[in-house]
Amino acid sequence: MKIAIKEQITTEQLKEKLAQQFPNYEVNNRTKSILVVKKSGSAAAIVMVGNGKVSVNEGFATMGGQMVFTLSLILLGILIPLIVYFIAFFPKQKAVRNEVADFIKKEYGA
């Protein structure tokens, strides 16, 4: 989900605001411009800060979880892991993504 922002922000500023707004979530840097907002287990939102926009996507909280999912796609085929993903993981990840995106829209949205 792409969000147009009215002012330029840095990942550090956004990280501080997210940590204040969601004290029960864990906010970490994955790279220089990517933040991971982790709720619990594998439920996380991936926040990417760009020029004039912020992208918020659902995803796995760790790179290890992402690799296990990718390996299961390769080893078990596409259909079974996707069904498990959409039943077990996606609803929790989507809820975290929506909470974070709503806050960013309210705080920084254009």
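The values are calculated or read from the model by the stated rules, or taken from the named source; none is laboratory data. Since this is a predicted model, take the numbers as computed values, not measurements. A quick note on method: Cβ atoms are made from the backbone with ideal geometry, for glycine too, and the neighbour counts reach across all protein chains shown. Surface areas here come from the heavy atoms of the whole protein model, side chains and all, with no ligands, DNA or RNA. Shrake-Rupley method; radii C 1.70, N 1.55, O 1.52, S 1.80 Å.
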- line: Restricted to the stretch 92-103 and to residues being free of Cβ contacts under 8 Å to residues at least 40 places away in the same chain and open to solvent by 70 Å² or more (accessible area, probe 1.4 Å), the residue nearest to Ala4 (Cα to Cα) is Asp102
statement: Requiring at least 1 residues that are farther than 15 Å from Ala110 by Cβ and out of contact with any helix residue (DSSP H, G or I) (no Cβ under 7 Å at 6 or more places or on another chain), the strands (runs of 3 or more DSSP E) wholly within the stretch 1-55 are 26-29, 34-40, 43-49
message: Yes or no: the stretch 67-88 includes at least one residue that is in contact with an Asp or Glu (Cβ under 8 Å, 6 or more places away or on another chain) and modelled with pLDDT of 95 or more.
response: no
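Let's see how each residue does on (1) in contact with a Leu (Cβ under 9 Å, 6 or more places away or on another chain); (2) aromatic (Phe, Trp, Tyr); (3) open to solvent by less than 40 Å² (accessible area, probe 1.4 Å); (4) assigned to a helix (DSSP H, G or I):
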{"site": "Phe69", "(1), (2), (3), (4)": "no, yes, yes, yes"}
{"site": "Pro81", "(1), (2), (3), (4)": "yes, no, yes, yes"}
{"site": "Ile87", "(1), (2), (3), (4)": "no, no, no, yes"}
{"site": "Lys105", "(1), (2), (3), (4)": "no, no, no, yes"}
task: Could you please find all residues in the stretch 58-67 being open to solvent by 50 Å² or more (accessible area, probe 1.4 Å) and in a helix (DSSP H, G or I)?
output: Met63, Gln66, Met67
